[in-house]
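What follows is one structure encoded as structure tokens, with my remarks underneath.
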Amino acid sequence: MSGLLAIVSGPSGVGKTTITRAVVDRIDDAELSVSATTRPIRPGETEGVDYFFKAPEQFDEMVRRGELLEWAEVFGNRYGTPVAWVNERLAAGRVVVLEIDVQGAAQVKRNRPDAFGVFILPPNEEALLERLRRRAREGEDVIQRRFAEAKREIADARASGAYDVFIVNDNLESAIDQAVRALQSRRGVPGGA
Ligand code: 5GP
């Protein structure tokens with residue numbers, strides 16, 4: 001079966017990471033790309049598993065050498081997708097999933113028009129605010145800023161043309177099912193929606 005480059009994006013607090021990991025688990029030959037980032041490592045994260053953590057100069061060097069398929073600045077840090085690994089896995093016929101932001105997704109779509117974009121939406125704005133509050137890692141001012149950023153990201157996603165499907169996460173299992181079926185269907189797997 002031929003490879004597929006898939007993008008999953010969504011605002012923070014929407015369940016995007018949970019959905020992405022479940023999709024990769026459910027599709028036998030799918031793998032999650034590990035991004036490079038200049039953001040500091042967080043407790044519980046592992047180098048090479050969650051991210052490749054880079055100093056700003058190392059990241060500059062990767063950009064200069066053309067080693068990134070796309071990159072973007074998100075919340076004051078830079079994030080990018082190492083292109084060599086992606087190309088190798090696609091050539092092996094695998095499904096490669098990128099969990100990246102809207103700016104990055106737009107770059108990927110420009111360079112790889114065959115990429116399949118999935119955007120995860122909250123059921124509504126109140127639910128989004130509620131989820132951001134429940135995470136409660138931050139104070140109310142930070143929560144309000146993330147809320148405003150999330151609304152902007154949703155508007156940008158719709159305007160970008162980078163997404164083939166928008167999935168509303170009002171029920172986690174159903175959102176995962178829809179994402180899996182959308183990818184399978186794109187690959188021509190029977191039973192895909
Ligand atoms: P976090 O720092 O919370 O892990 O991620 C912050 C944001 O950066 C998320 O929206 C995530 O999707 C995005 N992101 C992670 N890796 C990449 C990447 O390689 N490229 C781009 N453009 N965005 C990324």
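The values are calculated or read from the model by the stated rules, or taken from the named source; none is laboratory data. Remember, it's a predicted structure, so these values are computed and weren't measured experimentally. Here the Cβ is made from the backbone with ideal geometry for all residues, glycine too, and neighbour counts use every protein chain on show.
Taking the condition basic (K, R) and closer than 23 Å to S185 by Cβ, does K109 pass? Yes. Evaluate the stretch 65-78: report whether one residue or more is touching a helix residue (DSSP H, G or I) at 6+ places or on another chain (Cβ under 7 Å), modelled with pLDDT of 95 or more, surrounded by fewer than 19 Cβ atoms within 10 Å (Cβ to Cβ) and over 30 Å from D170 (Cα atoms). Yes, some residue in the stretch 65-78 is touching a helix residue (DSSP H, G or I) at 6+ places or on another chain (Cβ under 7 Å), modelled with pLDDT of 95 or more, surrounded by fewer than 19 Cβ atoms within 10 Å (Cβ to Cβ) and over 30 Å from D170 (Cα atoms).
Exactly one of these conditions fails for R89: (1) crowded, with 20+ Cβ neighbours inside 10 Å; (2) touching a strand residue (DSSP E or B) at 6+ places or on another chain (Cβ under 6 Å). Give me its number. Only one criterion in (1) crowded, with 20+ Cβ neighbours inside 10 Å; (2) touching a strand residue (DSSP E or B) at 6+ places or on another chain (Cβ under 6 Å) is unmet by R89, namely (1). Scanning the stretch 12-42 for residues that are in a loop (DSSP other than H, G, I, E, B) and either more than 13 Å from the ligand (Cβ to nearest atom) or basic (K, R) (or both), which turns out surrounded by the most Cβ atoms within 10 Å (Cβ to Cβ)? Here the residue is I27. Touching a Phe, Trp or Tyr at 6+ places or on another chain (Cβ under 9 Å), aliphatic (A, V, I, L, M) and over 25 Å from V142 (Cβ atoms): does that describe V34? Yes: the conditions hold for V34. Of E130, E140, E126, which residue is surrounded by fewer than 19 Cβ atoms within 10 Å (Cβ to Cβ), at pLDDT below 95, of a type in the set (D, E) and touching a Lys or Arg at 6+ places or on another chain (Cβ under 9 Å)? The match here is E140. Give the residue that is farthest from A105 (Cα to Cα), with candidates limited to residues of the stretch 160-177 that are in a helix (DSSP H, G or I) and of a type outside the set (S, T, N, Q). By that ranking, first place goes to E173.
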